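Below is one structure, written out as structure tokens; comments come after it.
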2 protein chains.
Amino acid sequence: MTGSLAVGVDIGGTKMLAVALDGRGEVVASGKVPTPPDAQRLLADLVQLVQDVAGAEVASLGVGVPGMVDRTGVLRRSPHLPALEDVALGKEISSRLGDVAVRVANDATCAGWAEHIRGAALGVDDVVMVTLGTGIGGGIVERGRLVEGAHGYAGEIGHMVVDPHGPRCPCGRRGCWERFASGSGLGRLGREWAIAGRAPAVVALAGGDPEAVRGEHVTVAATAGDGPARDLMAELAWWLVLGLGNLTDLLDPAMVVIGGGLIRAGEVLMEPTRRAFAEMVEGYDARTGLVLRAAALGETAGAIGAALLGST
Amino acid sequence: MTGSLAVGVDIGGTKMLAVALDGRGEVVASGKVPTPPDAQRLLADLVQLVQDVAGAEVASLGVGVPGMVDRTGVLRRSPHLPALEDVALGKEISSRLGDVAVRVANDATCAGWAEHIRGAALGVDDVVMVTLGTGIGGGIVERGRLVEGAHGYAGEIGHMVVDPHGPRCPCGRRGCWERFASGSGLGRLGREWAIAGRAPAVVALAGGDPEAVRGEHVTVAATAGDGPARDLMAELAWWLVLGLGNLTDLLDPAMVVIGGGLIRAGEVLMEPTRRAFAEMVEGYDARTGLVLRAAALGETAGAIGAALLGST
């Protein structure tokens, strides 16, 4: 190829987001289209999106997807994109683009790499990235290198079981971390409180129906200073830190970065999380310099990371 | 130094075990002494033990200890060896040995490294080692390198919380993995069943006192074919695999090695554990070649790994 742009695409459950980076790593173009439910349509729209942001200048392509991607670029498990399961994404896209080299990786892994290379964890060699959205995704950087695992599945942290008596998870087990500490976990918690009559301001934001409460209603009420909503955020933070503590015990990072849609809640999420983190992490005082930080790159982190991974 | 032997010492709660390896990595001498409760005595006895196994031939020394060891060789947290907490072990030992280079590391990390270099995981690059004793220790090898973490504390897996409503742990939290899946976890489980009248053969082995039941009584009864004891082993295996599943999600190893005193139980432990592992691990079928295996090096794994780490 003679192109000069490193393109990255983040395939989400509802939209595909693309960026093109120039030789200095600057984003020179970006685009966004809905994610079609059908695999063939999705591949066609993705290729069109890549051409829209980079035209003939595509030098490399990285693709981030939610799920377990193996080292050959096949998406082996993906509850959020079932149409792509067992599709050889890397090969299919590469052939449609005239044999551009394509690297496919987990979306949160991409986001973690982007935060390490040019975001919140710039210059930090041991990083755990946790993305809080509908589920929980993860990316691990150790001594400045991405931890990929034997098959490419490392960082699948959302299904860490933190309470075997907890709510059932679509994965078949009970009490996976993402049932508690994700955006949907916050919604579930909010509905529990709402149905019990403990969160009237949150219910009002949901149009008066306790069953209609979602995570956003809780964060909005908490930002407005509602006491029960703040208590709900503290409970969310407790569950979040339960898992962050496990990850810290295991990996001993210098920094934990929290990203994903839920961090748009800002300080109503970060403040109780930082407090619980300092209280709950084993040997916190011995972990000199350990920092918990919000992600810096926002919703483009996954696409930027995919572009960076695709070009190396 | 002019010595030719790489010495390793594994400091346990009750005994210190030393090995000396020659240039080809063969164990040419070994020794064992009780662990004194006092730090000064312990340091003196350790130095004597090193001299007993290698004399003037000490070229390097590695020391494995239970707890969180920082990169400067200071044991920062060690519930099993409180006397050594905040002792600069590396420096203290080095000066007593006439400035031999000393590397201090977590004992399970040492054992994991030994299994990787010359044990059950020989030739396997992505390994999680789990040692089951009074507590649970861990060692992580990724792409053939030891994962140490930012401070040197990586692999502290015993305090991964797997049930926040579970029994209280000396670490201050509830439901740490080692409360369930270790030798002492098996003892606790056995006493629960014994007190409920569900494990008469196990109680008989404990001299008729349900409160006196320990893990060994359960494994002995299970080996003899006692039904309730086998059910207890299956429950232990379930808790063990709950944590192994979390580690697999996170690190995507090619092999999980189980070591520590509890594996002397043999197949009554390994058989239900392998079965639960295949059933419970997320995406098991997509993890081609993933193997769960018993450690090969027995009680000297920690000392051998310490010697190997100390000489590199």
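The values are calculated or read from the model by the stated rules, or taken from the named source; none is laboratory data. Since we're looking at a predicted model, the values are computed, not measured. For neighbour counting, all protein chains shown are included, and Cβ atoms are generated from backbone atoms with ideal geometry for every residue, glycine included. To get the accessible areas, we keep the full protein, side chains included, count just its heavy atoms, and leave off ligands, DNA and RNA. Shrake-Rupley method; radii C 1.70, N 1.55, O 1.52, S 1.80 Å.
Take A:GLY135 and tell me if it is within 14 Å of chain B (Cβ to nearest Cβ), open to solvent by less than 20 Å² (accessible area, probe 1.4 Å), under 30 Å from A:VAL19 (Cβ atoms) and in contact (Cβ under 8 Å) with a residue 24 or more places away in the chain. When the stated conditions are applied, A:GLY135 passes them.
Taking every residue in the range A:59-80 that is on the phi > 0 side of the Ramachandran plot and pairing it with any residue that is assigned to a loop (DSSP other than H, G, I, E, B), at least 6 positions away or on another chain, the pairs with Cβ-Cβ distances below 6 Å are A:GLY67/A:SER78. Collect the residues in the range A:161-177 that are within 8 Å of chain B (Cβ to nearest Cβ) and of a type in the set (D, E, K, R), keeping them in residue-number order. Those that are within 8 Å of chain B (Cβ to nearest Cβ) and of a type in the set (D, E, K, R): A:ASP163, A:ARG173.
Determine whether B:GLY158 is open to solvent by less than 10 Å² (accessible area, probe 1.4 Å), more than 7 Å from every other protein chain (Cβ to nearest Cβ), under 23 Å from A:GLY149 (Cβ atoms) and not in a strand (DSSP E or B). Spelling it out, B:GLY158 is indeed open to solvent by less than 10 Å² (accessible area, probe 1.4 Å), more than 7 Å from every other protein chain (Cβ to nearest Cβ), under 23 Å from A:GLY149 (Cβ atoms) and not in a strand (DSSP E or B). The set of residues from the range A:33-73 being closer than 22 Å to A:GLY139 by Cβ and part of a strand (DSSP E or B) comprises A:SER60, A:LEU61, A:GLY62, A:VAL63, A:GLY64, A:VAL65, A:MET68, A:VAL69. Condition first: surrounded by fewer than 24 Cβ atoms within 10 Å (Cβ to Cβ) and closer than 20 Å to A:ILE11 by Cα. Can you find one or more residues in the range A:108-116 that meet it? Checking the range A:108-116: not a single residue is surrounded by fewer than 24 Cβ atoms within 10 Å (Cβ to Cβ) and closer than 20 Å to A:ILE11 by Cα. Select from the range A:138-149 the residues that are within 11 Å of chain B (Cβ to nearest Cβ) and assigned to a loop (DSSP other than H, G, I, E, B) and list them in ascending order. Residues satisfying the conditions are A:ARG143, A:VAL147, A:GLU148, A:GLY149. I'm told A:GLY283 meets every condition in (1) under 21 Å from the mean Cα position of the chain (by Cα); (2) within 14 Å of chain B (Cβ to nearest Cβ) except one. Can you identify the failing condition by its number? So the condition that A:GLY283 fails would be (1). All conditions in (1) closer than 29 Å to A:VAL124 by Cβ; (2) more than 7 Å from chain B (Cβ to nearest Cβ); (3) touching a residue at least 40 places away in the same chain (Cβ under 8 Å) hold for A:LEU242, with the sole exception of (2). Taking residues in the range B:117-132 that are on the phi < 0 side of the Ramachandran plot, and partners anywhere that are basic (Lys, Arg), the pairs with Cβ atoms closer than 6 Å and at least 6 places apart or on different chains are B:ALA120/B:ARG293; B:ASP125/B:ARG143. When B:ALA307 is tested against (1) away from chain A (no Cβ under 14 Å); (2) crowded, with 18+ Cβ neighbours inside 10 Å; (3) more than 30 Å from B:GLY8 (Cβ to Cβ), just one condition goes unmet, and that condition is (3). Selection of the range A:121-132 for residues being aliphatic (A, V, I, L, M), away from every other protein chain (no Cβ under 14 Å) and surrounded by 22 or more Cβ atoms within 10 Å (Cβ to Cβ) yields only A:LEU132.
So that you can scan it fast, the table gives a plain yes or no per residue for (1) touching a residue at least 24 places away in the same chain (Cβ under 8 Å); (2) open to solvent by 10 Å² or more (accessible area, probe 1.4 Å); (3) out of contact with any Pro (no Cβ under 9 Å at 6 or more places or on another chain); (4) not in a helix (DSSP H, G or I):
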position	(1), (2), (3), (4)
B:ALA234	yes, yes, no, no
B:LEU250	no, no, yes, no
B:ILE258	yes, no, yes, yes
B:LEU262	yes, yes, yes, no
B:GLU271	no, yes, yes, no
B:PHE277	yes, no, yes, no
B:GLU282	yes, yes, yes, yes
B:THR288	no, yes, yes, yes
B:LEU292	yes, yes, yes, yes
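Filtered by the rule that a residue be under 18 Å from A:ILE136 (Cβ atoms) and away from chain B (no Cβ under 14 Å), the range A:74-120 gives A:HIS80, A:LEU81, A:ASP107, A:CYS110, A:ALA111, A:TRP113, A:ALA114, A:GLU115, A:ALA120. In this structure, A:ALA44 does satisfy being open to solvent by 40 Å² or more (accessible area, probe 1.4 Å) and under 18 Å from A:GLY90 (Cβ atoms). The requirement of being among the hydrophobic types (A, V, I, L, M, F, W, C), in a helix (DSSP H, G or I) and either touching a residue at least 40 places away in the same chain (Cβ under 8 Å) or within 28 Å of A:LEU122 (Cα to Cα) (or both) is fulfilled somewhere in the range A:209-226, by at least one residue. Number of residues in the range A:93-105 that are without any contact (Cβ under 8 Å) to a residue 60 or more places away in the chain and surrounded by 20 or more Cβ atoms within 10 Å (Cβ to Cβ): the value is 2. The set of residues in the range B:15-26 that are touching a strand residue (DSSP E or B) at 6+ places or on another chain (Cβ under 7 Å) and surrounded by fewer than 16 Cβ atoms within 10 Å (Cβ to Cβ) comprises B:LYS15, B:ASP22.
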